[in-house]
Amino acid sequence: MFSARLKPHGGIRPYSHKSLTRDIAIRPLASMPRQLVIPLRQHTGPAAVPLVTVGDNVTAGQRIAEARERMSAPVHSALAGVVTQVMAGELGAITVRVSADQPAAPRLMAAAGLDGIQSMLSLIEQAGIVGMGGAMFPAADKIRMSLRYPIETLIVNGGECEPYLTTDDRLMREQAEFIIGGIRYLREITRARRVYIGIEDNKTEAIARLDALCRLEDGIEVVILPSLYPIGSAKQMIEAVTGRQIPQNRRSTEMGVLVQNVGTCIAIFHAIRFGKPVTHRVITVSGRAIEQPANLLVPVGTTIKEIIGQCGGLKSPPARMVLGGPMMGRAVDSLDTPITKGTSGLLLLNGDELPQTRPSACLRCGRCLDACPMSLAPQAIFAELKNDGFAKARRQGLNACLLCGSCAYVCPAALPLTQFFDWGQQQLRLISRQEDKLTRTRANSAKRQQRLAREAAEKAAALAAKPARRSRRAAPPSEETPC
């Protein structure tokens, strides 16, 4: 065990609010939800394709949608029941009415004939494992991409720097053996020589629990990180643990480093050891508007309404509902919104917990520059985006922005910096797709012109090579021809 080698640039220290749930153990729901609304897109790539139709009976753990493209992941039903609705597409979902009878779930089986590493990757892929810290990058794809390079270092991310959230903290305290089990499998797959488990210094019980287990392992160490947001981000975690900075245009795997969340390690262990797909996840339910804050193990697809009922109801109508953490989470309006594989928390916040929302003119104070973990100039990028200067914003590093919200948090003018940067990145992706489409159109047009020219030349050459045909009509007699 040792302390972080380097304090990453920037970052903030927001009030954590973790005391609301830090000492509350993980518990399952007291009763099964009446129905599940299971989204088809719980990963970074295209939505999964449904395998069931309305009226089908499904069992717990059954695959109900399959991945047919890269960066996609299969989807499983968390509980047995009857399919009542199927909506395909990027925003689609499968609704399951939960049955009272819940038979045992089937095990995943790796395809026959695969070696050890490929067999484990097959199980990870079949289980539908994605980044459980919120990124939702398909784990099998991420690991396969990392195998293109020699992986020297595996970093297990136990930072959990977002305020309110205590999911990873409780997992490290209660399921540390499963984390170590997942690390063993990941080491076997990647051949990583060194493993570091990064944990913030405010999680003393988790540090002690994992350090005791790591002392029994070879090449696994706990690294104590400063309590600094967003140190849980992959590049900041790598910088703090190894002292190395990952360039903006490079992936960490290219530099020999693979990062996985502690929850992802647990899911990998369960998939390989017990053949279990991802059907449940632990979330933190917190905020001043909820009656009983908790750390819950919930079936994927459980709606916010069901969870609120399991936590004693609301003290008052929430001013904002957030899936995830308050800094990088997603605000939602509907109580019918479901929990996904990447949902780490459900926050029900009252008005006193929300920041100032009335922006004023930029004060040129420079606090955003000091806070940015990527060493960007947020106020300059913001100014370009206000004038639709997307090209200039891109040159100033807009695509490198983590959307962590540190700049907006410290801004005394309450400028909507993060919202603008999110919108700007979406516009850059749209512009890039349009440019790619135009490039393909031009290339196809040029190929067509070349083909037409080639066909015309071939036709002309064929006509030139063809001998002249003699006329079948007799020539008229000339005046000199005797009769």
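Against the definition (open to solvent by 10 Å² or more (accessible area, probe 1.4 Å), out of contact with any strand residue (DSSP E or B) (no Cβ under 6 Å at 6 or more places or on another chain) and among the basic types (K, R)), how does R320 come out, yes or no? So R320 does not fit the description; no. Only one entry of P318, P355 meets the criterion of being without any contact (Cβ under 8 Å) to a residue 40 or more places away in the chain and over 22 Å from the mean Cα position of the chain (by Cα), and that entry is P318.
Looking only at residues of region 154-199 that are open to solvent by less than 10 Å² (accessible area, probe 1.4 Å) and more than 22 Å from the chain's Cα centre (by Cα), we find that the one that is nearest to F269 (Cα to Cα) is G181.
A267 falls short of the stated requirement of being touching a residue at least 40 places away in the same chain (Cβ under 8 Å), more than 20 Å from the chain's Cα centre (by Cα) and under 17 Å from L171 (Cα atoms). Identify, by number, the condition in (1) among the small types (G, A, S); (2) over 21 Å from Y15 (Cα atoms); (3) open to solvent by less than 10 Å² (accessible area, probe 1.4 Å); (4) part of a helix (DSSP H, G or I) that A206 doesn't meet. Against the list (1) among the small types (G, A, S); (2) over 21 Å from Y15 (Cα atoms); (3) open to solvent by less than 10 Å² (accessible area, probe 1.4 Å); (4) part of a helix (DSSP H, G or I), A206 comes up short only on (2). Taking region 94-141 as the range and being open to solvent by less than 20 Å² (accessible area, probe 1.4 Å) and assigned to a strand (DSSP E or B) as the test, the residues that pass are I94, T95, V96, V130, P138. Taking strands (runs of 3 or more DSSP E) as the structural unit, those lying wholly within region 212-316 and holding at least 1 residues that are of a type outside the set (V, I, T), farther than 30 Å from P8 by Cα and open to solvent by 30 Å² or more (accessible area, probe 1.4 Å) correspond to 280-286, 294-299. When the test is whether a residue is modelled with pLDDT under 95 and open to solvent by less than 50 Å² (accessible area, probe 1.4 Å), A4 passes it.
Here region 68-93 is the region considered, the condition is being open to solvent by 30 Å² or more (accessible area, probe 1.4 Å) and touching a helix residue (DSSP H, G or I) at 6+ places or on another chain (Cβ under 8 Å), and the residue that is modelled with the highest pLDDT is M71. When you check L335 against the structure, is it out of contact with any helix residue (DSSP H, G or I) (no Cβ under 9 Å at 6 or more places or on another chain) and at pLDDT 95 or above, yes or no? Spelling it out, it is not the case that L335 is out of contact with any helix residue (DSSP H, G or I) (no Cβ under 9 Å at 6 or more places or on another chain) and at pLDDT 95 or above.
Considering only residues of region 451-483 that are more than 60 Å from the chain's Cα centre (by Cα) and at pLDDT 85 or above, which is least open to solvent (accessible area, probe 1.4 Å)? The qualifying residue least open to solvent (accessible area, probe 1.4 Å) is A464.
Within the set Y149, Y164, the sole residue that is in contact with a helix residue (DSSP H, G or I) (Cβ under 9 Å, 6 or more places away or on another chain), over 20 Å from G329 (Cα atoms), touching a residue at least 12 places away in the same chain (Cβ under 8 Å) and in a loop (DSSP other than H, G, I, E, B) turns out to be Y149.
Within region 94-129, work out how many residues are basic (K, R) and modelled with pLDDT under 90. Before the answer, list the steps.
Going through region 94-129, the residues basic (K, R) turn out to be 97, 107.
In the following step, the residues that additionally are modelled with pLDDT under 90 were identified as 107.
Residues flagged as basic (K, R) and modelled with pLDDT under 90 within region 94-129 amount to 1.
Within the set A361, A413, A371, the sole residue that is of a type in the set (G, A, S) and open to solvent by 40 Å² or more (accessible area, probe 1.4 Å) turns out to be A361.
The values are calculated or read from the model by the stated rules, or taken from the named source; none is laboratory data. Just so you know, these numbers come straight off a predicted model, no measurement behind them. Counting neighbours? That spans all protein chains shown, and the Cβs are built from the backbone with ideal geometry, glycine included. Surface areas here come from the heavy atoms of the whole protein model, side chains and all, with no ligands, DNA or RNA. Shrake-Rupley method; radii C 1.70, N 1.55, O 1.52, S 1.80 Å.
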